[in-house]
Every structure is written in structure tokens, then in C-alpha cells.
1. Which of the following residues is under 30 Å from Asp250 (Cα atoms), open to solvent by 20 Å² or more (accessible area, probe 1.4 Å) and not in a helix (DSSP H, G or I): Thr140, Thr175?
2. Phe204 versus (1) of a type outside the set (Val, Ile, Thr); (2) buried (at least 22 other Cβ atoms within 10 Å of the Cβ); (3) assigned to a loop (DSSP other than H, G, I, E, B); (4) in contact with an Asp or Glu (Cβ under 7 Å, 6 or more places away or on another chain): which is the lone unmet condition?
3. Go through (1) over 15 Å from the mean Cα position of the chain (by Cα); (2) open to solvent by 30 Å² or more (accessible area, probe 1.4 Å) one by one and return the number of the condition Leu217 breaks.
4. Please verify whether Ala105 is touching a helix residue (DSSP H, G or I) at 6+ places or on another chain (Cβ under 9 Å), open to solvent by less than 20 Å² (accessible area, probe 1.4 Å), modelled with pLDDT of 95 or more and not in a loop (DSSP other than H, G, I, E, B), treating the condition exactly as stated.
5. Residue check: is Leu121 aliphatic (A, V, I, L, M), at pLDDT 95 or above and under 22 Å from Gly63 (Cα atoms)?
6. Looking only at region 115-137, count how many residues are over 15 Å from Ala65 (Cβ atoms) and either among the β-branched types (Val, Ile, Thr) or open to solvent by 30 Å² or more (accessible area, probe 1.4 Å) (or both).
7. Could you grab me the full set of residues in region 220-239 that are open to solvent by 40 Å² or more (accessible area, probe 1.4 Å) and of a type in the set (A, V, I, L, M, F, W, C)?
8. Could you look through region 299-318, keep only residues that are modelled with pLDDT under 95 and of a type outside the set (A, V, I, L, M, F, W, C), and pick out the one that is surrounded by the fewest Cβ atoms within 10 Å (Cβ to Cβ)?
Amino acid sequence: MRGSFIMRLGLDGYHDSVCAELELDSSSAAVMGTAASMVYAAHEQATFENLQVDAIVTAGVEGNATCAGDPAQWVETPNGWNKLAEVAGTINTIVVVNQPLKPEAQIRALLTATEGKSAALMELGVSSRYSRDLATGTGTDQICLAAPMDEGQYAYGATNPHSKLGELIGRVTRTATINALRWQNGLEPSITRSLIHALRRFGFSESAFLNAMRQRLDDSSMELLEKNRNSVLFEPQAAAAAYAFASVLDRIRFGVLPPTIGSDVLRQQAATIAASLSTQIERWSTFWRQIEVDVNQPMNAIYDAIRLGWMAKWESGG
């Protein structure tokens with residue numbers, strides 16, 4: 001297997017092996033590795049006057065998405081790695097600029113491209129697999145920058161987001177990352193507009209949802225729900241309330257909202273989920289009175305809201 005081959009050679013040995021296979025000088029070539037399909041590589045280009053920036057991105061985040069500062073899974077020591085987590089997912093980014101860059105601009109270009117990648121993950125609402133935060137990347141992301149080295153040409157010194165060149169770098173990286181994740185992981189609006197995507201980082205999944213509902217519904221109601229689960233999981237108004245529920249949980253965690261109001265605010269969003277699923281928005285206050293929220297176990301309120309909305313929908317012949 002390729003993984004065993006890489007581990008046996010080590011990173012430097014594998015680099016030399018790839019370059020030798022392609023008949024390239026290993027001292028002047030960079031090698032990037034990923035399990036993502038090259039078929040799904042995304043290419044974006046942007047221009048302004050004499051500037052041109054290209055970004056080529058491959059991306060996968062299903063098993064390895066992380067937020068900066070999450071608990072680490074690997075520990076490096078002088079004797080090697082003392083733990084290697086089973087992870088899968090990498091965002092590889094190649095940025096090509098058609099004009100020479102000063103050394104400081106090269107470094108800032110890498111930062112700007114990284115910010116573009118993280119902005120793409122925020123736009124898609126990708127959850128960290130290691131915490132309750134939204135992801136900023138994966139633990140194995142790689143990035144390369146290519147620009148001419150011509151001392152006879154003007155070398156650009158600014159690649160921050162305030163400069164036009166920085167804007168181009170951030171824009172193409174963000175768009176290419178979004179496209180690569182759509183092709184590799186199916187992350188496009190019809191998938192991300194769901195209760196699962198909104199609440200995944202808090203433990204909500206299809207299996208958890210079904211298990212919780214089995215404890216809340218009788219057999220006939222549960223059978224009906226299982227056959228029509230997507231009408232719950234992908235209901236747009238319910239998904240909107242689920243995103244609001246997640247956002248409120250974040251603000252409580254970060255100390256923006258005081259815990260004393262947390263239950264009441266979360267209760268409002270849970271009641272909206274119930275009202276949306278029932279298609280009886282006029283019963284919102286009734287649902288609100290029937291839902292209790294424990295901030296330490298918030299998903300129970302979500303499951304209770306789904307039960308209330310589902311039962312009300314079919315009681316009314318919906």
C-alpha cells in the first residue's frame with residue numbers, strides 16, 4: 001500500500017522517490033500527498049491588469065477537519081511519533097502568481113491563501129471532528145506557492161487582503177476550495193442545508209437522530225418517520241432554526257451570551273424547528289411551552305422538538 005511505502009521510506013525518502021520516478025531534480029521540486037481524487041481537483045484563475053493568480057486545490061474533510069487549537073492527535077518526539085491517529089482528509093493548495101514576489105510577500109501570500117481556505121470552510125459550515133468548533137482546515141493540509149524569480153522584473157511586496165494581489169489570492173483559493181469540496185465530499189447547498197450539517201459538531205447524526213426518535217415515538221410513527229426522514233432532516237426552515245440553535249450554543253460557550261438566558265434562547269429555536277416541521281407556525285407558543293432545554297445536553301431539546309413537530313403534522317392529517 002502507498003501508506004506503508006511512505007512510512008518505510010520516510011518523508012524525505014518518499015520525496016526523492018517521486019522525483020526520481022518523474023525524472024525531476026529533487027532539490028528543486030516540492031511534493032504534496034493526498035488521498036483525494038485528482039479528478040476532483042479544482043482550478044480557479046483571477047486577473048487584474050498585469051496580475052494573474054491561479055489556485056489548484058484538492059480537498060477532503062470528512063475524517064480530518066479540525067480547528068486551530070483543537071486537542072492534538074499526534075505527538076512528535078526525538079524518537080519519532082508516539083501516536084499516529086487514524087485520520088483521512090487533506091486540503092492541498094497550489095497558488096501560482098505570474099509576477100515576482102519579495103520574500104515577505106511570499107510568506108504573506110501563504111497566509112492569505114490559508115485564510116481563503118478557512119473562509120471556504122466557514123462558508124460551508126464544516127465541523128471540526130475533534131471539538132465543537134467549526135473547522136479551519138485539516139491536520140494534514142499542505143500548500144505550495146510558485147512565482148517567477150526574475151531579478152530584472154519588479155517584485156511585488158504586498159499580498160495581504162488590502163492589496164489587489166492579495167484579493168486575487170484569497171478569492172481564487174476560497175472558490176477553488178469550495179469547488180473541490182463540492183466534488184470530493186458533496187458539500188453543496190442541498191446537502192449542507194440540513195439538520196445534520198448544522199448540528200453535527202454537537203453530536204447530531206442520522207443514526208443518533210433515529211435512535212433518539214425510537215425512544216420518543218410509537219412503532220407506527222417511527223416507521224413513518226424512517227420512510228420520510230429526509231423531509232425532516234432537510235426541511236429548510238427547520239435547518240435555519242438548527243443553524244441558529246448552533247450559533248446560540250457557540251455564543252454561550254464563548255461567553256458572549258450569559259448562561260442564565262441560554263435555555264430560553266435555545267428554547268425559541270427548538271420551538272421554531274417544531275413549528276416548521278408541523279407546518280403550523282401558529283402553534284409556536286404551544287411548542288415553546290412543551291420544550292425544556294438543558295444547555296449541557298442540548299440535543300435532547302432538538303429531538304423533543306422534532307417529535308412534537310412530527311406528531312403535530314400527522315395529527316392534523318399533514
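The values are calculated or read from the model by the stated rules, or taken from the named source; none is laboratory data. No experiment lies behind these values; they were computed from the predicted model shown. Note that each Cβ is placed from the backbone with ideal geometry, even for glycine, and that neighbours are counted across all protein chains shown. These accessible areas exclude ligands, DNA and RNA; they are computed on the full protein's heavy atoms, side chains included. Shrake-Rupley method; radii C 1.70, N 1.55, O 1.52, S 1.80 Å.
1. Exactly one residue qualifies, and that residue is Thr140.
2. Here Phe204 meets the rest and fails (4).
3. (2)
4. Numbers: touching a helix residue (DSSP H, G or I) at 6+ places or on another chain (Cβ under 9 Å): yes; open to solvent by less than 20 Å² (accessible area, probe 1.4 Å): yes; modelled with pLDDT of 95 or more: yes; not in a loop (DSSP other than H, G, I, E, B): yes.
Yes: the conditions hold for Ala105.
5. So Leu121 passes the test.
6. So the count comes out to 1.
7. Leu224, Phe234
8. Top of the filtered list is Gly317.
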